1. Could you list, ordered by first residue, the pairs with Cβ atoms under 7 Å in which the first is in region 345-367 and within 30 Å of Leu457 (Cβ to Cβ) and the second is hydrophobic (A, V, I, L, M, F, W, C) and in a loop (DSSP other than H, G, I, E, B), at least 6 apart or interchain?
2. Could you tell me whether Val281 is buried (at least 20 other Cβ atoms within 10 Å of the Cβ), out of contact with any Pro (no Cβ under 7 Å at 6 or more places or on another chain), among the β-branched types (Val, Ile, Thr) and part of a helix (DSSP H, G or I)?
3. Considering only residues that are of a type outside the set (Ser, Thr, Tyr) and in a loop (DSSP other than H, G, I, E, B), which ones fall in region 160-172?
4. What are the pairs with Cβ atoms under 6 angstrom where one residue, in region 380-394, is touching a residue at least 40 places away in the same chain (Cβ under 8 Å) and in the same structural domain as Val420 (by TED's automatic domain parsing) and the other, located anywhere, is assigned to a loop (DSSP other than H, G, I, E, B) and among the aliphatic types (A, V, I, L, M)? Sequence gap at least six, or different chains.
5. Taking region 89-142, which residues are within 25 Å of Gly167 (Cα to Cα), among the hydrophobic types (A, V, I, L, M, F, W, C) and in a loop (DSSP other than H, G, I, E, B)?
6. Looking at Pro424, is it modelled with pLDDT of 95 or more and either out of contact with any strand residue (DSSP E or B) (no Cβ under 8 Å at 6 or more places or on another chain) or closer than 20 Å to Leu116 by Cβ (or both)?
7. Name the residues in region 197-219 that are in a strand (DSSP E or B) and farther than 19 Å from Ala401 by Cα, would you?
8. Taking region 302-315 on its own, how many of its residues are surrounded by fewer than 15 Cβ atoms within 10 Å (Cβ to Cβ) and either of a type outside the set (S, T, N, Q) or in contact (Cβ under 8 Å) with a residue 40 or more places away in the chain (or both)?
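The values are calculated or read from the model by the stated rules, or taken from the named source; none is laboratory data. Being a predicted model, the structure only gives us computed values, none of them experimental. Glycine also receives a Cβ, built like all others from the backbone with ideal geometry; neighbour counts cover every protein chain displayed.
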Amino acid sequence: MKFIRLLIKSLLGLIIAILLFISGVLWVDSINTDYLSIDRDDSSAIDTYLITNAHVIPMDQDTVLRNKMIFIQGGIIQEIADSILVNHVQVFDAKNNFVVPGLIDMHVHVWDRYELGLYLSNGVTAVRNLWGMPMHLRIKNDITANRIYSPNFITSGPKLTGSEFIGDDNLNLYHPTEARKKIIRYKERGYDLIKTYYGLEKEIFDAVIEQAMISGMDIASHPSQKVPFTYHVHPQIKSIEHAEEIVQQPLSFNLDTLQLKTIVDTLSKFEHVRYSPTLTVFNNIYQMMMDEDILDSELLGYMNPLIKEVDTQSQYDRWFTAKQNDSTVVERIKNQDQFHRTILGKLHEANIGIISGTDAGIGVTVPGFSIHQELAFYKESGLSNYEVLKTATVNPSKTHAIFKNLGTIQEGKLANILIVESNPLMDIAALEQPAFVFIKGRQLNRTTLDNFEQKALNRNNLIATGIRYIENLLVEK
């Protein structure tokens, strides 16, 4: 008995020590992201301004409204006019720079709070996180309570797949009843939408759609090969993800424009369909093959260290090995990458709503910075600058009701806006490194935004990220 008591005491001591270690690691990580906290006594926390001398790109029309004033009160755009008279309001002189709606990245994977600052620094004022974990609910709560500077943030629950195990990053569903229970639980806990994934069988997929309709939860769908591709045009599915899935599923890797036309024509019959191409993440496969030193690039210093150590390295090793084993693989990836731009152009010509998404946070797709490469690819695909901008502003705002107050500069809309020095309708690259970002009416200058980047560069929170991932496995599996 004495031995058993001693063993129990030792185990309890070990458990307490582990819990203290975990708490300490997470506390340090929290302290290190205090720079995102909103100090309500600081002038930067003001959410009421009169902006003067602004060239406004409203995005509800292809035009520039020159020399306007914008009155923001409580984070909401109240009035846009040639002249506005208000008293006791801080004036912000836009100095004849251009005012555009903040960008929206509709396909990201957030791993820590440092990334929130990276998005803001790059002019991304709203994100849709499509790999939900418990930590995202805590982030969402802090954003909703206006405790931290962050893009507007909505998150799916865990990625839902079928009975076949394809990685512990997905949640396996084995029965329709289980699927319904999970969705009810996700709704209760505060997840905003459902992410369906590769490998989801028809019977379970049907249950997911049915319960999502009952629970009032939108679906974003990474197409499943277990059902016909056209299965993903159900009205509850608000967006289809990845241009590469058109190549890999209905086209069976045949880069055939005639077959593509048939697919696009079918999708165009459904007015509600939105497509998130995520061209950048696939292009990065080609970049990894062509640049053997890519893992040492300064830009990758902005990746979460655990992801860089595990996912980034494994992806690089996979494609490096593939290149060594098959001399044709580089040309094949290059051709598919270019064909994705053909897909995007055809989707656009068919008036299918394109929503910008990068798949940032995995591989070598860097949070925040990647949106500008994604938009550049849309330009290469034949879209005008205004049409490119729509994919990151107006179109996302029409995808989910929760984003309806974003995407344009109009009275009644949330004051998520960028101040840029040149006209993005003439040069889409003008959106890079905005001079000022207003998030919910709060002004962040370039110095602050650069500090957000510096804090995220080569951060040391690998263990904290690992702890949060283990939490996800324990809670969600």
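1. Short answer, once both residue conditions are applied: Ser356/Ala392; Ala360/Val366; Gly361/Val110; Gly361/Trp111; Val366/Met303.
2. Values: buried (at least 20 other Cβ atoms within 10 Å of the Cβ): yes; out of contact with any Pro (no Cβ under 7 Å at 6 or more places or on another chain): yes; among the β-branched types (Val, Ile, Thr): yes; part of a helix (DSSP H, G or I): yes.
The answer is yes for Val281.
3. Selection gives Gly162, Glu164, Phe165, Ile166, Gly167, Asp168, Asp169.
4. So the pair list comes out as Asn385/Leu425; Tyr386/Leu425; Thr393/Met59; Val394/Met59.
5. Passing the criteria: Val110, Trp111, Leu130, Trp131, Met133.
6. Values: modelled with pLDDT of 95 or more: yes; either out of contact with any strand residue (DSSP E or B) (no Cβ under 8 Å at 6 or more places or on another chain) or closer than 20 Å to Leu116 by Cβ (or both): no.
Answer is no for this residue.
7. Of all residues in region 197-219, those in a strand (DSSP E or B) come to 218-219.
Once the filter is applied, which keeps residues that are in a strand (DSSP E or B) and farther than 19 Å from Ala401 by Cα, region 197-219 yields nothing.
8. So in region 302-315, the residues surrounded by fewer than 15 Cβ atoms within 10 Å (Cβ to Cβ) come out as 309, 313-314.
So of that shortlist, the ones also either of a type outside the set (S, T, N, Q) or in contact (Cβ under 8 Å) with a residue 40 or more places away in the chain (or both) come out as 309.
Qualifying residue count, region 302-315: 1.
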